[in-house]
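Below: the structure, in structure tokens.
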Amino acid sequence: MEYLKSVVPSQLISERGSNLVVINPGSANIRIGLASQDAPFNIPHCIARYTNQVPKRSVQDQMLNSQVTTAQHMERERAYDVIASLIKIPFLDEEVANNSFPRKMGRIDGHHNGKRDTVFTWTDVHERDPTLSVTVESSSSKDVSQSLDQHVETDSKELSPSVIKYRQFICGEDALKISPIEPYCLHRPIRRGHFNISQHYSMQQVLEDLHAIWDWILIEKLHIPLSERNLYSAILVVPETFDNREIKDMLTMVLQDLRFGSAVVHQEGLAAVFGNGLSSACVVNMGAQVTTIICIEDGVALPATAKTLPFGGEDVSRCLLWTQRHHQTWPPIRTDILSKPVDLLMLNRLKEFYCEIKEGEVDAVAVVHSYEEGTPAGSHKTRLTALNVPPMGLFFPMLLVPDVYPPPPRAWFHDHEDMLEETWHTEYSRRPDLPDNVYPGVNVNFPMWDSYPVYATKPKKEENVGLAEAITSSILSTGRIDLQRKLFLSIQLVGGVALTRGLVPAMEERVLHAIPSNEAIDTVEVLQSRTNPSFASWKGGAIIGVLDFGRDAWIHREDWINSGIFVASGRKYKDSYYLQAQAMCYMNS
């Protein structure tokens, strides 16, 4: 501790961070990098695998779409009108009636002028034969293309496969930009804060895809080959939404398959306060598909305050598309985020550049792209309208109508070896009403799981309320007026959605409005982030790992493989709920 008090933080990070890999997996993106880096690599968390099925399958997402019901459509329109009255814009029916009149243009402020539109090209899905590269390097590109054509034409049946073949898998943003006519299937191993397991996507395939993506990043981005991984330690910064089995499966993958020498798990909420140098805060983590809320007091997370909301930035992007189509401002193009992931990529960027929360009519002239089969990407200059409505869906989720992703069977999440609490002293006696070979906690694929006892130590239920109500409920659940006042003055926004312009004042106003009148609280403040909100949890994970408190929490590869969750003399891994708070004192001193 004396050394930690005297050393310069940058020196400590440089000394200890060079062999620490911080992994922060999300539903849409994974943030990964060495603890000594200023910022992580932020890579779309997906993989496209080659398929030789006949007929060839187009690029397909594993997400399961739900049709918007009539009731949901009516609720969405009512939510729009409520938002319209708040931000002082015309209601839906008024807007449609006046759509033929010229609209007042808002300021664009150069949000997109600084980034010139680049020529779009589909991902090259072919890999060249290494033996051909020598010829390519020694010839001009024109000669090579001509000789290659002649070479293929000479005996296409025998030589073509040896010259060009499909890449077996493609990761990251390149996977999102594969042409729909190519024989690839896009997989997203994590959806809405959980493994994306379904009848079409098995747990084994999910874990294989996670391993392939992470291994590809470690080799291609961090340049850490498999043979050297035992010299590195991994810090897993996991969302609060993950269940015990998911965390353990990821630990097994990191230690056994990726071959890290040791690993530790910390939660995003607590890591976020480290990333911003705080000791207490209400952490609101707004990701692409899930929003989580948890309160931290003096470096300790309060599990009872945890909230999960089933919407995020991608839902705002989808709402942007719905808004434009409703107002008939979207070009007459086929935009389909289900079958063409590149369309969701475009919508996310339009949302980031143009959506903001402010009063009055917010319009902008933007370039919308279309990606049709067999034709080059098209550009359509159009006037987008009501750009302040979609982000308000965070407070009125009925506007967003999130897609429904059926969860895995309940049996999959039953796990009596709890990663997050000290429950290993609980004894599970054999039930006399069950056969001798059936025990609680053992998956035997019988439909009797619902009758098994569940020892819930950390309930994780989604709540269908707006962001302001969820934050208010989370803070008030602490039950102490002194802590409640402190937390209402220490709201911390992290995640990519936190970058939305105008969100902070809107958040303060909506949360203050949501506090019951009988509560003695009259002030709400959202703290300004000291680091990029998108990377706050990753940065906090790096700091925790470098400060290296309580080495007891670290799990070594041999111990995990040989003993699983039980390590050494009955000691059980505990996550960051109970992490000591000395790091806070060190950072704030």
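The values are calculated or read from the model by the stated rules, or taken from the named source; none is laboratory data. Keep in mind it's a predicted model, so treat the numbers as computed, not measured. Using ideal geometry, Cβ is built from the backbone for each residue, glycine included, and neighbour counts are taken over all protein chains shown. Heads up: the accessible areas ignore ligands, DNA and RNA and are worked out on the full protein's heavy atoms, side chains in. Shrake-Rupley method; radii C 1.70, N 1.55, O 1.52, S 1.80 Å.
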Filtered residue count, the range 463-484, keeping only those that are of a type in the set (D, E, K, R) and in contact with a Leu (Cβ under 7 Å, 6 or more places away or on another chain):
1
Glu182, sole failed condition from (1) assigned to a helix (DSSP H, G or I); (2) open to solvent by 10 Å² or more (accessible area, probe 1.4 Å)
(1)
Condition first: part of a strand (DSSP E or B) and in contact with a helix residue (DSSP H, G or I) (Cβ under 8 Å, 6 or more places away or on another chain). Can you find one or more residues in the range 347-362 that meet it?
yes
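What do you reckon, is Pro391 closer than 23 Å to His73 by Cβ and buried (at least 22 other Cβ atoms within 10 Å of the Cβ)? Steps first, please.
On the way: closer than 23 Å to His73 by Cβ: yes; buried (at least 22 other Cβ atoms within 10 Å of the Cβ): yes.
It is true that Pro391 is closer than 23 Å to His73 by Cβ and buried (at least 22 other Cβ atoms within 10 Å of the Cβ).
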Inside the range 185-231, can you point out the residues that are open to solvent by 10 Å² or more (accessible area, probe 1.4 Å), at pLDDT 95 or above and assigned to a loop (DSSP other than H, G, I, E, B)?
Lys221, Leu222, His223, Pro225
Residue that is nearest to Phe395 (Cα to Cα) [pool: residues in the range 286-335 that are of a type in the set (Asp, Glu) and assigned to a helix (DSSP H, G or I)]:
Asp315
Just checking, does the range 285-299 include any residue being under 28 Å from Phe91 (Cα atoms), open to solvent by less than 10 Å² (accessible area, probe 1.4 Å) and over 17 Å from the mean Cα position of the chain (by Cα)?
no
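What are the residues in the range 458-473 that are at pLDDT below 50 and either surrounded by 14 or more Cβ atoms within 10 Å (Cβ to Cβ) or part of a helix (DSSP H, G or I) (or both), if any?
Within the range 458-473, just Lys458 meets the criteria.
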Which members of the range 26-51 meet the condition of being under 15 Å from Val206 (Cβ atoms) and surrounded by fewer than 22 Cβ atoms within 10 Å (Cβ to Cβ)?
Arg49
List, please: which pairs have Cβ atoms under 8 Å, are six or more places apart or on different chains, and start with a residue in the range 193-214 that is over 17 Å from Gln168 (Cβ atoms) and in contact (Cβ under 8 Å) with a residue 40 or more places away in the chain and end with one that is part of a helix (DSSP H, G or I) and open to solvent by less than 20 Å² (accessible area, probe 1.4 Å)?
His194/Glu246; Phe195/Val206; Phe195/Glu246; Asn196/Val206; Ile197/Val206; Leu207/Met253
Can we say Thr531 is farther than 19 Å from Asn276 by Cα, touching a residue at least 12 places away in the same chain (Cβ under 8 Å), touching a helix residue (DSSP H, G or I) at 6+ places or on another chain (Cβ under 8 Å) and surrounded by fewer than 19 Cβ atoms within 10 Å (Cβ to Cβ)?
no
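Going by what's in this entry, would Ala306 be described as in contact (Cβ under 8 Å) with a residue 12 or more places away in the chain and open to solvent by less than 10 Å² (accessible area, probe 1.4 Å)? Write out each step before concluding.
Values: in contact (Cβ under 8 Å) with a residue 12 or more places away in the chain: yes; open to solvent by less than 10 Å² (accessible area, probe 1.4 Å): no.
When the stated conditions are applied, Ala306 does not pass them.
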Output for Cβ contacts, cut-off 9 Å, separation at least six or different chains, first residue under 16 Å from Val367 (Cα atoms) and in contact (Cβ under 8 Å) with a residue 40 or more places away in the chain in the range 313-341, second assigned to a loop (DSSP other than H, G, I, E, B) and polar (S, T, N, Q), reads Gln324/Thr385; Gln328/Asn99; Thr329/Asn99; Thr329/Thr385
Candidate set: the range 474-510, residues that are in contact with a strand residue (DSSP E or B) (Cβ under 6 Å, 6 or more places away or on another chain), part of a helix (DSSP H, G or I) and β-branched (Val, Ile, Thr); chosen: the one nearest to Ile87 (Cα to Cα)
Val504
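Looking at this structure, is Phe274 of a type in the set (Phe, Trp, Tyr), touching a helix residue (DSSP H, G or I) at 6+ places or on another chain (Cβ under 8 Å) and either part of a loop (DSSP other than H, G, I, E, B) or more than 20 Å from Leu236 (Cα to Cα) (or both)? First the steps, then the outcome.
Numbers: of a type in the set (Phe, Trp, Tyr): yes; touching a helix residue (DSSP H, G or I) at 6+ places or on another chain (Cβ under 8 Å): yes; either part of a loop (DSSP other than H, G, I, E, B) or more than 20 Å from Leu236 (Cα to Cα) (or both): no.
Against the criterion (of a type in the set (Phe, Trp, Tyr), touching a helix residue (DSSP H, G or I) at 6+ places or on another chain (Cβ under 8 Å) and either part of a loop (DSSP other than H, G, I, E, B) or more than 20 Å from Leu236 (Cα to Cα) (or both)), Phe274 does not qualify.
Any residue in the range 548-557 that is open to solvent by less than 20 Å² (accessible area, probe 1.4 Å) and in a loop (DSSP other than H, G, I, E, B)? Outline the logic, then answer.
Filtering the range 548-557 down to residues open to solvent by less than 20 Å² (accessible area, probe 1.4 Å) leaves 554-555.
This time we only want the ones that are in a loop (DSSP other than H, G, I, E, B), so: 554.
The answer is yes, given that some residue of the range 548-557 is open to solvent by less than 20 Å² (accessible area, probe 1.4 Å) and in a loop (DSSP other than H, G, I, E, B).
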Can you tell me which residue within the range 251-280, out of those that are buried (at least 24 other Cβ atoms within 10 Å of the Cβ) and over 14 Å from Ile544 (Cβ atoms), is farthest from the chain's Cα centre (by Cα)?
Phe260
Here are the criteria: (1) modelled with pLDDT of 95 or more; (2) assigned to a helix (DSSP H, G or I). Tell me which single one Asp343 does not satisfy.
(1)
Are any of the residues in the range 246-267 without any contact (Cβ under 8 Å) to a residue 12 or more places away in the chain and not acidic (Asp, Glu)?
no
Which of the residues that make up the range 330-366 are touching a Leu at 6+ places or on another chain (Cβ under 9 Å), surrounded by fewer than 20 Cβ atoms within 10 Å (Cβ to Cβ) and of a type in the set (Val, Ile, Thr)?
Thr335, Val365
